[in-house]
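Notes to accompany the following structure.
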Amino acid sequence: MSRSTVLSVAAALAMAFGLSGQNAAKKNAFDKTWMETYVRHLWVLEPDYKVEISDPKPSADLPGFKEITVTVSQGAASQELKLLATSDGSKIVEGSVYGAGGNPYKPNLDKLKTQFTPSMGTPGAPVVIVEFSDMECPHCKEEAKTLSENLLKTYPKEVRLYFKDFPLTNIHPWARAAAMDGRCVFHNNPDSFWPYLDWIFSQQDGVTPENLRAKVMEWAKGQKDIDSLQLGRCIDEKATEKEVDDSAAEALALQVDGTPTLFVNGRKVPASAAEDWPTMKRLIDNEIKYQETAKDAGENCGCDTKLDLPGLPKSSPIHK
């Protein structure tokens, strides 16, 4: 074989290996086309699921890693999932990142805002439960019944419950309006919020977007501590729209993807556990015991995100 032939073959091989290396290099977490193929296989996603891959950004939870958001949707339903990738995109981490030097749920506690939010239970309780709920959601109705029947009866002084709105507008057409009306009721008279919640859950089968306002106003007439004129004005002016939207944005920041979702001293509890009282009781008992020494959650931990300023209204009355 001549020298020129050898050189030609070597050049051809080098080019082939170079192209192969370039193709292989593309198969990493930062190649969106490849990542879609990868996660479809990883999570067994059928073709009718839409998959969107975000641009990578530096991870706030794990320095040196990149965060990638994968949005999976089918029709009106969608879910966001977070992945972490090494700086070169060659490895992917799926799962939670915890700080080992303190409360593992501190990032959640930092995001949870309870100021001016309907609550029941004891101020200063060692266990704080924050509930994200949808008033049109049948599972939320059952979960609310479970808590109503068991929570304060079992823990008269140890638990504080806060209610927050997360209306699933893509599948529940009147949930957002009902949440706004509920906030109007709360501002009108905080004590009336919980009866409103019980009532709206009981009306799920008969409420429509068209008749919601009329039904709420009819209910309000039977409540002695509600100013119906003020309530109607609040509803018509959509005065609480931002509050509900802020609550929903908070839920998304906490990666809440369904209702009901509870946070027990920052620990995320999905609907399957929230509706099961024995499971909830075990979680609460564990947290009460842990906080006897840890004191890094609850309302006495020094990690509360509420503003404690003299000029601000105090928290809503206690409901029992």
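Things to note:
- Gained length - D276 relative to E292, 0.36 nm times residue gap less alpha-carbon distance: 3.3 nm
- Principal-axis tilt of helix 193-202 within the chain, Cα atoms, nearest 10 degrees: 70
- Counting only alpha carbon atoms, the long axis of helix 3-26 and the longest principal axis of the chain meet at about 0°.
- More than 14 Å apart - percent of Cα-Cα pairs taken over the stretch 185-249: 61
- Structure-derived log10 I(q)/I(0) by the Debye sum over Cα atoms at q = 0.08, 0.13, 0.14 Å⁻¹ - corresponding label in [x] -0.63, -0.97, -1.03; [y] -0.63, -1.14, -1.22; [z] -0.48, -1.05, -1.16: [z]
- DSSP loop GluC sites (Glu not before Pro) with at most 14 other Cβ within 10 Å: longest gap in the chain: 95-209
- Helix 277-291 axis, angle to the chain major axis (alpha carbon atoms, nearest 10°): 80
- Percentage relative contact order, the chain, counting C-alpha pairs under 8 Å, at least six apart: 20
- For the pair M217 and T146, label points projected 7 Å from Cα toward Cβ lie 3.8 nm apart.
- Segment E52..Q79, full-extension length gain: 8.7 nm, with 0.36 nm per residue of separation and the alpha-carbon distance subtracted.
- Shown is the FRET efficiency for D61 and D205, computed with R0 = 41 Å from the Cβ-Cβ distance and rounded to the nearest 0.05: 0.45.
Bear in mind these aren't lab numbers, they're just calculated from the coordinates by the rules spelled out. All values reported here derive from a predicted model rather than from experimental measurement. Neighbour counts are summed over all protein chains in view; Cβ atoms, including those assigned to glycine, are modelled from backbone coordinates with ideal geometry.
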